[in-house]
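Okay, so here's the structure we're looking at.
Just so it is clear, none of the values below were taken in a lab; they were calculated from the coordinates. Note that the coordinates shown come from a computational prediction; the quantities given were computed from them, not determined experimentally.
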């Protein structure tokens, strides 16, 4: 299943009418993951890593639609997954991350 399809399932979207918004949210999530230091090789070619896919789904759930009372909870889940990945250097390491702080300050997430 493609990442877009996974996100649509997570959002409970059954129509293609929201595809442009879903695609934009997936791209925004991937750029944000890259921005905070997730290794690029985990983000390319339709990411297969389950934590990266879960993070993208949580990002989309936090930002999809206008009236989303659960957005803060999904955003916190997204941030926690990002922290978990960044704190697992033996599993999620990249040469550019060696010797750098594992978790950026919360304001940068």
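A full extension of the chain between residue 45 and residue 80 corresponds to an added length of 10.2 nm, given 0.36 nm per residue minus the alpha carbon distance. The length gained on full extension between residue 1 and residue 16, counted as 0.36 nm times the residue separation minus their Cα-Cα distance, comes to 3.8 nm.
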